[in-house]
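Worksheet for the structure shown next.
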Amino acid sequence: RCPGVACAARTAMPDQVRGEPSQGSALSPRAAESSERACPYLDTVNRRALNFDFEKICSVTLRDQNVFACLVCGKFFQGRGHGTPAQTHSVTAEHFVFINLVDGRVYCLPEGYEVVDSALDDIKFNLRPKFKLSEVQSIASQAATRKRDVFGTQYVPGFGPMNDLSNSDFVNAVVQALIRVDPLRDFFLMEENSHRSKSAVVRSFGELVRKLWNPRKLKAAVSAHDLLQAAGAASDGRFRLGRQSDAAEFLKFLLNELHTGLGGSRKRKTIITACFQGEIAVT
C-alpha cells in the first residue's frame, strides 16, 4: 500500500530513534521536515483508541524522547525515521498516521511527510487543550452545557468523571475540589501561566485542569496519571500510583508545590496565596 514498505522493513536499524531518515531514504531530512501533502489514510484514524492522559513513553524502548502516538491503535512509539519503533510499526501493522506528543504535528509513515488537515484539529486540541482569554471569561456561563464524547457519553465540562488509577481517588477528590475555585481554574486554563514552569507538578496540574474543562473531549473520563507521576517524584514516593494516601495531606503538599513551582515564597505571592491565604484580624 505504501511505496518502499518492504525495503524499509529489510533495512530497519533499531538504534536510530531520532526520527531522521537514513541515507538510504527517498526523503532527505530537510524534505521530510518540510514536505506537506494530503494523506490518503486519514479514514483509518480511530478516535476511540486514543488516550493522551498516560505517561508519554515509547511502548517499545520505554524512553520519553521524540514519542509519537499511532492514530490508528493509540500506542506510543519513538521516532519516525527508518528503523525507529514508530516506522517499524507503520510497516508491520500498516498503521500510517502518527502524531508527535510534544508539538502535535502529524506525519504519515513510513514516507515521513507532514499531514496538515483541519480534520485532525479535534485530536490536536485533545492532546494539548488551549483556551483563549475570551473563552475563559465565559466558561462559567457555559458550565451547564452538556457535551458528548466520541462514544456518545454525555458530560459537562469541568464536572466530568476522573478515572481511579489504582487507589488514586484521593488525588481525584482534591483536583475536583480545586477546579471549583474560579480564580485558580481561570489561572491554569491559560496555558502560558504554567506550561513553562520548571515544576513538573505545576505543568501536569495545569494540563489536567485544561483537560477537565475541555469542551471537545474524545473521552468523557480524564486520568490524573501525569500529575501522580510528577507528585510521586516530587514527594520521594510519598504520593504515588497504587498507594492510598490521605486527601488532606495531598492537598497541603499540592498547594505548596504549586506555590513554590510558580515562583512563590514566604514573601512572594502567587495565585495560590491569593486564593487560599487567610488573614488574622487582631481586635
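The values are calculated or read from the model by the stated rules, or taken from the named source; none is laboratory data. Note that the structure is a prediction, hence the values are computed from the model and not measured. Heads up, the Cβs are rebuilt from the backbone with ideal geometry, glycines too, and the neighbour counts pull from every protein chain shown. Side chains are part of the model used for accessible areas, which takes the heavy atoms of the whole protein and leaves out ligands, DNA and RNA. Shrake-Rupley method; radii C 1.70, N 1.55, O 1.52, S 1.80 Å.
Look through Pro183, Pro215 and report the one residue that is in a loop (DSSP other than H, G, I, E, B), under 20 Å from Phe131 (Cβ atoms) and in contact (Cβ under 8 Å) with a residue 24 or more places away in the chain. Full working, then the answer.
Values: Pro183 fails: in a loop (DSSP other than H, G, I, E, B).
Unique residue meeting the criteria: Pro215.
Is it fair to say Leu251 is more than 26 Å from Ser138 (Cα to Cα), surrounded by fewer than 20 Cβ atoms within 10 Å (Cβ to Cβ) and touching a His at 6+ places or on another chain (Cβ under 8 Å)? So that I can check it myself, show each step before the final result.
Details: more than 26 Å from Ser138 (Cα to Cα): yes; surrounded by fewer than 20 Cβ atoms within 10 Å (Cβ to Cβ): yes; touching a His at 6+ places or on another chain (Cβ under 8 Å): no.
No.
Among the conditions (1) out of contact with any strand residue (DSSP E or B) (no Cβ under 9 Å at 6 or more places or on another chain); (2) of a type outside the set (D, E, K, R); (3) at pLDDT below 95; (4) open to solvent by 30 Å² or more (accessible area, probe 1.4 Å), Thr92 misses just one, which is (3).
Contact map, segment 65-83: residues that are without any contact (Cβ under 8 Å) to a residue 60 or more places away in the chain paired with residues that are acidic (Asp, Glu), Cβ distance under 9 Å, separation 6+ or inter-chain. Pairs shown: Val72/Glu94; Phe76/Glu55.
Within segment 145-170, count every residue that is touching a residue at least 12 places away in the same chain (Cβ under 8 Å) and assigned to a loop (DSSP other than H, G, I, E, B). Going through segment 145-170 one residue at a time, the tally reaches 16.
Going through Pro40, Pro21 one at a time, which residue ends up being assigned to a loop (DSSP other than H, G, I, E, B) and either modelled with pLDDT under 90 or surrounded by 15 or more Cβ atoms within 10 Å (Cβ to Cβ) (or both)? Step through it out loud before you land on a result.
On the way: Pro40 fails: either modelled with pLDDT under 90 or surrounded by 15 or more Cβ atoms within 10 Å (Cβ to Cβ) (or both).
Testing whether each residue is assigned to a loop (DSSP other than H, G, I, E, B) and either modelled with pLDDT under 90 or surrounded by 15 or more Cβ atoms within 10 Å (Cβ to Cβ) (or both) leaves just Pro21.
Against the conditions (1) open to solvent by less than 30 Å² (accessible area, probe 1.4 Å); (2) in a helix (DSSP H, G or I), Ser197 satisfies every one except (2). Among the residues of segment 231-243, some residue qualifies, meaning at least one is assigned to a loop (DSSP other than H, G, I, E, B), surrounded by fewer than 15 Cβ atoms within 10 Å (Cβ to Cβ) and in contact (Cβ under 8 Å) with a residue 40 or more places away in the chain.
Scanning segment 121-134 for residues that are open to solvent by less than 80 Å² (accessible area, probe 1.4 Å) and more than 13 Å from Leu101 (Cα to Cα) gives Asp121, Asp122, Phe131, Ser134.
Does Ala173 satisfy the criteria of being over 19 Å from the mean Cα position of the chain (by Cα), assigned to a helix (DSSP H, G or I) and of a type in the set (A, V, I, L, M, F, W, C)? Lay out the reasoning, then the answer.
On the way: over 19 Å from the mean Cα position of the chain (by Cα): yes; assigned to a helix (DSSP H, G or I): yes; of a type in the set (A, V, I, L, M, F, W, C): yes.
Spelling it out, Ala173 is indeed over 19 Å from the mean Cα position of the chain (by Cα), assigned to a helix (DSSP H, G or I) and of a type in the set (A, V, I, L, M, F, W, C).
Checking the condition in contact with a helix residue (DSSP H, G or I) (Cβ under 7 Å, 6 or more places away or on another chain) and farther than 18 Å from Asn167 by Cα, which residue from Arg196, Arg216, Arg203 passes?
Arg216
For segment 200-212, the condition holds for no residue, the condition being that it is open to solvent by 60 Å² or more (accessible area, probe 1.4 Å), assigned to a helix (DSSP H, G or I) and either of a type in the set (Phe, Trp, Tyr) or touching a Cys at 6+ places or on another chain (Cβ under 9 Å) (or both). Comparison of Arg105, Arg80 shows that the only residue that is at pLDDT below 95, among the basic types (Lys, Arg), surrounded by 14 or more Cβ atoms within 10 Å (Cβ to Cβ) and farther than 19 Å from Val222 by Cα is Arg80. Of the residues making up segment 140-159, one or more are of a type in the set (Asp, Glu), closer than 14 Å to Val222 by Cβ and open to solvent by less than 30 Å² (accessible area, probe 1.4 Å). Just so you know, in segment 244-263 the residues that are part of a loop (DSSP other than H, G, I, E, B) and farther than 14 Å from Phe205 by Cβ include one that is farthest from the chain's Cα centre (by Cα), and it is Asp246.
Of the set (1) closer than 30 Å to Arg48 by Cβ; (2) open to solvent by 50 Å² or more (accessible area, probe 1.4 Å); (3) touching a Leu at 6+ places or on another chain (Cβ under 9 Å), all apply to Asp226 but (2).
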